[in-house]
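Student: Just passing along the structure, written as structure tokens.
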Amino acid sequence: MTPGSITVTGFSHVAIAVTDLGAARDFYCGVLGFEELPRPDLGIPGMWLRVGDLQLHFVETDEMPTPGRGFPHYALHVPTDRFDETVEALRAAGAPFLGEPSTRVDFGTTVLAAFVNDPAGNFIELTDVGPA
């Protein structure tokens with residue numbers, strides 16, 4: 001296979017594991033305001049949500065995967081002018097944060113970032129780095 005024969009243009013969706021689908025629905029739809037999409041019967045409990053032009057998929061499991069090395073997470077874009085407001089709204093809703101929001105420099109640009117846990121313990125990065 002030659003490198004020229006592979007074409008990937010972006011993400012279709014991200015799928016994560018949760019131990020309580022109801023708690024995930026309450027957090028992602030009730031707190032974050034994502035829209036639930038119709039999902040075919042795949043033989044296992046789950047849900048699909050719309051996040052802007054993308055999708056976030058969930059699969060219910062009895063036991064969360066044990067992270068190995070690294071820091072498994074996915075990132076959600078929050079516009080810079082809404083970042084502080086979004087963090088405060090999540091705090092008011094009782095969402096647990098991993099430390100305080102911070103800044104870092106990516107490719108010469110200052111980036112806002114905060115990490116929050118969903119009810120299953122998945123880490124979500126909130127960042128003002130938008131889709132490319």
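The values are calculated or read from the model by the stated rules, or taken from the named source; none is laboratory data. Remember, it's a predicted structure, so these values are computed and weren't measured experimentally. Methodologically, a virtual Cβ is constructed for each residue, glycine included, from the backbone with ideal geometry; neighbour enumeration extends over all protein chains shown. Just so you know, the surface numbers come from the protein's heavy atoms only, side chains and all, with ligands and any DNA or RNA stripped out. Shrake-Rupley method; radii C 1.70, N 1.55, O 1.52, S 1.80 Å.
Student: Return yes or no: is His57 closer than 25 Å to Ala15 by Cα and at pLDDT below 85? Break it down stepwise before answering.
Tutor: Values: closer than 25 Å to Ala15 by Cα: yes; at pLDDT below 85: no.
No: the conditions fail for His57.
Student: Name every residue in region 90-132 that is assigned to a loop (DSSP other than H, G, I, E, B), over 16 Å from the mean Cα position of the chain (by Cα) and surrounded by fewer than 10 Cβ atoms within 10 Å (Cβ to Cβ), in order of residue number.
Tutor: Scanning region 90-132 gives Gly94, Gly99, Glu100, Phe107, Gly108, Ala132.
Student: Mind checking which pairs have a first residue in region 82-97 that is within 20 Å of Gly130 (Cα to Cα) and a second that is surrounded by 12 or more Cβ atoms within 10 Å (Cβ to Cβ) and acidic (Asp, Glu), Cβ under 8 Å, 6 or more apart or different chains?
Tutor: So the pair list comes out as Phe83/Asp128.
Student: Within region 1-46, take every residue that is modelled with pLDDT of 95 or more and over 19 Å from Val116 (Cα atoms) and give me the one that is surrounded by the most Cβ atoms within 10 Å (Cβ to Cβ).
Tutor: Within region 1-46, the match that is surrounded by the most Cβ atoms within 10 Å (Cβ to Cβ) is Glu36.
Student: Looking at (1) in a loop (DSSP other than H, G, I, E, B); (2) in contact with a strand residue (DSSP E or B) (Cβ under 9 Å, 6 or more places away or on another chain); (3) open to solvent by 90 Å² or more (accessible area, probe 1.4 Å), which is the only condition Asp62 fails?
Tutor: Asp62 satisfies all of (1) in a loop (DSSP other than H, G, I, E, B); (2) in contact with a strand residue (DSSP E or B) (Cβ under 9 Å, 6 or more places away or on another chain); (3) open to solvent by 90 Å² or more (accessible area, probe 1.4 Å) except (2).
Student: Still on this model: Looking only at residues that are open to solvent by 70 Å² or more (accessible area, probe 1.4 Å) and modelled with pLDDT of 70 or more in region 65-80, which one is farthest from the chain's Cα centre (by Cα)?
Tutor: In the first step, residues of region 65-80 are kept if they are open to solvent by 70 Å² or more (accessible area, probe 1.4 Å); the result is 65-67, 69, 71-73, 77, 80.
Next, from what is left, pick out any that are modelled with pLDDT of 70 or more: 72-73, 77, 80.
Numbers: Pro72: 11, His73: 7, His77: 9, Thr80: 17 Å.
If we take residues in region 65-80 being open to solvent by 70 Å² or more (accessible area, probe 1.4 Å) and modelled with pLDDT of 70 or more, then Thr80 is farthest from the chain's Cα centre (by Cα).
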